[in-house]
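The values are calculated or read from the model by the stated rules, or taken from the named source; none is laboratory data. Keep in mind it's a predicted model, so treat the numbers as computed, not measured. As a convention, Cβ positions derive from the backbone with ideal geometry for all residues, glycine included, and neighbour counts pool all protein chains shown. Each accessible area value is taken on the protein alone, full model and side chains, heavy atoms only, with ligands, DNA and RNA left out. Shrake-Rupley method; radii C 1.70, N 1.55, O 1.52, S 1.80 Å.
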Amino acid sequence: MFKILRDLLRYNKEFLFGTILILIIVGLIVSSFFSPYDETAIYVVIPDMPPSAEFWFGTTSRGQDVFWQIGASLRNTLLFGIIVAVVSRLIALVVGLVSGYIGGRTDQIIMGINDTLGALPNIPILLLLVFVLRDQMTWSMLAVVAALLGWTHDSRLIRSVALSLRQREFTRHAVFSGMRTSQILVREHLPYVMPIVFFTTMNNLIWAIGLEVTLSILGFSDINRPTIGGMIYWANAHSAMVAGIWWWVAFPMLFVVILFLGLFMLAMSVNEYIDPRSRLARMGA
Amino acid sequence: MNGFLIYAGKRFLQFLFVVVTGITLAFLIAHFSPVDPVEQTVSLLTSFGSTDPQSVEILRQSLRELYGTGGPLIDQYFTFWGRVLTGDFGPSLSSFPTPVMTVIGRALPWTVGLLTLATIIAWIIGNLLGALAGYFRNSRLLKLAGIVIMALQPIPTYIIGLSLVILFGFVWPILPISGGAQVNLTPAFNWAFISSVIEHGILPALTLVLVGIGGWFISMRSLVSNIITDDHVVYAELGGVRSSSIFSYYVARNAMLPQVTGLALSLGNVFGGAVIVEFVFNYPGIGKLLISGIYSGDYSLVLGVTTIAIIAVAAAVFVIDIIYPLIDPRVKLG
């Protein structure tokens, strides 16, 4: 594991760059635990102060220090993405492995449902849900809903691998030696699909964070909990751009771009590492 | 041709299945919500004055009629389907008494125009650059373009849109940053109006193009770099076929097919991008309609837009599915 990491850091520029960007984000998130202010408290500092030695990123019209807000926001936004990614990975894994292993009619039915769900437009359905739930739409509820929407494509990928694993000799051995289906799926097949799981996790994380930012900017999530989108929502609500308080909008934008670029670079380089063909191309073969 | 009919029939069944599931889901979400739209509207209207209990009860009755939320659930479900099939979602509350369908009909051309244009431009540029970058792998210019495009790709739509607003609206104000056309112009088929529409469309379209281009670029580049190691390409190179012909006939053509499927799949996601782009640029399309419907608590409008979006996306995927075998002879019919 460490050897792989060391190789990637040494030979893969994207991975190195991505790691540096993510370390900046992680640093800010860690620092947010030492914040002198409560993350949801308002009017704790002088409002509308431009960036200075005292307030590194300035302060908002709601009297919050942008620096400490950014840390807490990044933590919440990333946490949202991680929850969505983990939950939807579990669903995708179960659906993909079961569908691919059992095959036949069951597979057809499961994949029919899978494709139908995948073909539904996510945003309108999500917005409808936000609309009818209103104030009951908490942050964690939103994460669960997003997770329920974001797995269909990846379960198909996992199924395609499971389909070929089913034909392999070792699966037959496992069946004859009396392993239960669940044991075969977890012990024998799971390791083979882990690379796909890792790769799709990155993409799903990027998707989920983008969703959170979008919905929060529109004011459709828990707006009192600091998130990157939530910060921009409040800045819009106070017309920060028109009032010339650019730092309130600029810093969340800057750091969400850093977060996205970092995750994207890591996803790209890990994908390249997993796919031997592009590794060969890099080596000049 | 018989095979094609079976294929088309199967696809059509799937299309129907998607629509039915989607609309059922929308119905269930709307009806199992803890918020009763009737009570909500009643409290909204009574907060402005009229508190006579008898008139409130009459109001409640007529609203229940309007939203189709009276009677047992199964009846409501069929009432809802009746509304979907006749395209009658009742009057919009926020722009009473205009019917929801008229409001949607007014917004639809804006969104369809903007999205079609932006998606196609992004698709063409992304694929073209991706194919070139995959084929001429040592070109410095293409490498640089690749880095820029890939850096833009993961950035959320809102951030790119807002950056463009700041850049072209405040720093270098040359383009309108809000609305679909100049307000004082009446929609007509004349140059003043059309040019205004184009002018107002540039930044929203540019945002969508910048967001969309990266995905096409990346997948096309990797497809092409896989194809150029295939035997038939190597053989053509050894046979002295001009590299421009190899590129267009041997490589790009083969790589196109998965990209066409991708186009269909992306249509579903494009709607999400449209919502935020229309929000940023205050563009008078479906997305902005949906958002303002949510803000103003316009129940029938939100349900109507969601239903239209589900049908539209499913139909787009269906159409692309039908065209697909005409492009790719290898696709299995039947």
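Tally up the residues in region A:199-229 that are within 10 Å of chain B (Cβ to nearest Cβ) and of a type in the set (Asp, Glu), please.
Summing the residues that are within 10 Å of chain B (Cβ to nearest Cβ) and of a type in the set (Asp, Glu) in region A:199-229 gives 1.
Please determine whether any residue of region A:135-144 is farther than 15 Å from residue A:215 by Cα and more than 14 Å from chain B (Cβ to nearest Cβ).
no
Go through B:213, B:308 for me and flag whichever is closer than 28 Å to residue B:20 by Cα, crowded, with 19+ Cβ neighbours inside 10 Å and within 27 Å of the chain's Cα centre (by Cα).
Going through B:213, B:308 in turn, just one is closer than 28 Å to residue B:20 by Cα, crowded, with 19+ Cβ neighbours inside 10 Å and within 27 Å of the chain's Cα centre (by Cα): B:308.
Would you point out the residue of region B:25-42, among those that are more than 7 Å from chain A (Cβ to nearest Cβ) and without any contact (Cβ under 8 Å) to a residue 24 or more places away in the chain, that is surrounded by the fewest Cβ atoms within 10 Å (Cβ to Cβ)?
Checked region B:25-42; the qualifying residue surrounded by the fewest Cβ atoms within 10 Å (Cβ to Cβ) is B:32.
Looking only at region A:54-91, which residues are small (Gly, Ala, Ser) and either modelled with pLDDT under 90 or over 30 Å from residue A:147 (Cα atoms) (or both)?
Once the filter is applied, which keeps residues that are small (Gly, Ala, Ser) and either modelled with pLDDT under 90 or over 30 Å from residue A:147 (Cα atoms) (or both), region A:54-91 yields A:58, A:61, A:63.
Residues B:248, B:266: which one is farther than 29 Å from residue A:122 by Cβ and modelled with pLDDT under 80?
Answer to the selection: B:248.
For residue B:206, work out the one condition from (1) open to solvent by 30 Å² or more (accessible area, probe 1.4 Å); (2) more than 13 Å from chain A (Cβ to nearest Cβ); (3) touching a residue at least 24 places away in the same chain (Cβ under 8 Å); (4) farther than 23 Å from residue B:128 by Cα it doesn't fulfil.
It fails just one condition, (4).
For residues in region B:11-23 being open to solvent by less than 70 Å² (accessible area, probe 1.4 Å) and touching a residue at least 40 places away in the same chain (Cβ under 8 Å), which is nearest to residue B:77 (Cα to Cα)?
Per the criteria, the residue is B:23.
If you check residue B:271 against the conditions, is it in contact with a helix residue (DSSP H, G or I) (Cβ under 8 Å, 6 or more places away or on another chain), part of a helix (DSSP H, G or I) and either hydrophobic (A, V, I, L, M, F, W, C) or closer than 27 Å to residue B:309 by Cα (or both)?
On the way: in contact with a helix residue (DSSP H, G or I) (Cβ under 8 Å, 6 or more places away or on another chain): yes; part of a helix (DSSP H, G or I): yes; either hydrophobic (A, V, I, L, M, F, W, C) or closer than 27 Å to residue B:309 by Cα (or both): yes.
In short, yes.
Scan region B:225-237 and report the pairs whose first residue is at the interface with chain A (Cβ under 10 Å from one of its Cβ atoms) and whose second residue is of a type in the set (Lys, Arg) and in a helix (DSSP H, G or I), with Cβ atoms within less than 7 Å and a gap of 6+ or a chain change.
Listed pairs, sorted by first residue: B:226/A:277.
Of the residues in region B:155-175, how many are assigned to a helix (DSSP H, G or I), of a type outside the set (A, V, I, L, M) and surrounded by 13 or more Cβ atoms within 10 Å (Cβ to Cβ)? Break it down stepwise before answering.
Filtering region B:155-175 for residues assigned to a helix (DSSP H, G or I) gives B:157-171.
The next check asks that each one be of a type outside the set (A, V, I, L, M); those that pass are B:157-158, B:161, B:163, B:168-170.
Now drop any that are not surrounded by 13 or more Cβ atoms within 10 Å (Cβ to Cβ), which leaves B:157-158, B:161, B:163, B:168-169.
Count: 6.
If you take just the helices (runs of 4 or more DSSP H) that sit entirely in region A:221-285, which of them hold at least 2 residues that are at pLDDT below 80, surrounded by fewer than 17 Cβ atoms within 10 Å (Cβ to Cβ) and touching a helix residue (DSSP H, G or I) at 6+ places or on another chain (Cβ under 8 Å)?
Counting at least 2 such residues, we get A:276-283.
Filter region A:114-129 down to the residues that are within 7 Å of chain B (Cβ to nearest Cβ), open to solvent by less than 10 Å² (accessible area, probe 1.4 Å) and part of a helix (DSSP H, G or I) and list them by number.
Those that are within 7 Å of chain B (Cβ to nearest Cβ), open to solvent by less than 10 Å² (accessible area, probe 1.4 Å) and part of a helix (DSSP H, G or I): A:116, A:124, A:127, A:128.
Just to verify a result, which residue in region B:276-331, among those that are charged (D, E, K, R) and part of a helix (DSSP H, G or I), is modelled with the lowest pLDDT?
My answer is B:321.
Out of region A:1-40, which residues are of a type in the set (A, V, I, L, M) and open to solvent by 40 Å² or more (accessible area, probe 1.4 Å)? Give the derivation first.
Within region A:1-40, the subset of a type in the set (A, V, I, L, M) is A:1, A:4-5, A:8-9, A:16, A:20-26, A:28-30.
A:1, A:4, A:5, A:9, A:16, A:20, A:23, A:24, A:26, A:30 - these are the residues of region A:1-40 that are of a type in the set (A, V, I, L, M) and open to solvent by 40 Å² or more (accessible area, probe 1.4 Å).
What tally of residues in region A:59-97 results from selecting those that are within 30 Å of residue A:153 (Cβ to Cβ) and buried (at least 20 other Cβ atoms within 10 Å of the Cβ)? Give the steps one after another, and end with the answer.
So in region A:59-97, the residues within 30 Å of residue A:153 (Cβ to Cβ) come out as A:73-97.
Subset that is buried (at least 20 other Cβ atoms within 10 Å of the Cβ): A:73-78, A:80-81, A:84-85, A:88-89, A:92-93, A:95-97.
The total comes to 17.
Residue A:167 fails exactly one of the following numbered conditions: (1) under 30 Å from residue A:123 (Cβ atoms); (2) surrounded by fewer than 18 Cβ atoms within 10 Å (Cβ to Cβ). What is the number of that condition?
(1)
Go through (1) away from chain A (no Cβ under 14 Å); (2) surrounded by 13 or more Cβ atoms within 10 Å (Cβ to Cβ) and name the single condition residue B:152 misses.
The one condition residue B:152 does not meet is (1).
Every residue, every condition in (1) free of Cβ contacts under 8 Å to residues at least 12 places away in the same chain; (2) closer than 30 Å to residue A:224 by Cβ, yes or no:
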| site | (1), (2) |
| --- | --- |
| A:141 | yes, yes |
| A:171 | no, no |
| A:178 | yes, no |
| A:181 | no, no |
| A:191 | yes, no |
| A:200 | no, no |
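Which condition does residue B:178 not pass, out of (1) at pLDDT 85 or above; (2) open to solvent by less than 70 Å² (accessible area, probe 1.4 Å), if it passes all the others?
(1)
Yes or no: region B:259-270 includes at least one residue that is open to solvent by less than 10 Å² (accessible area, probe 1.4 Å) and either within 12 Å of chain A (Cβ to nearest Cβ) or closer than 30 Å to residue B:91 by Cα (or both).
There is at least one residue in region B:259-270 that is open to solvent by less than 10 Å² (accessible area, probe 1.4 Å) and either within 12 Å of chain A (Cβ to nearest Cβ) or closer than 30 Å to residue B:91 by Cα (or both).
Is it the case that residue B:102 is part of a helix (DSSP H, G or I), free of Cβ contacts under 8 Å to residues at least 24 places away in the same chain and either within 19 Å of residue B:308 (Cβ to Cβ) or of a type in the set (Phe, Trp, Tyr) (or both)?
yes
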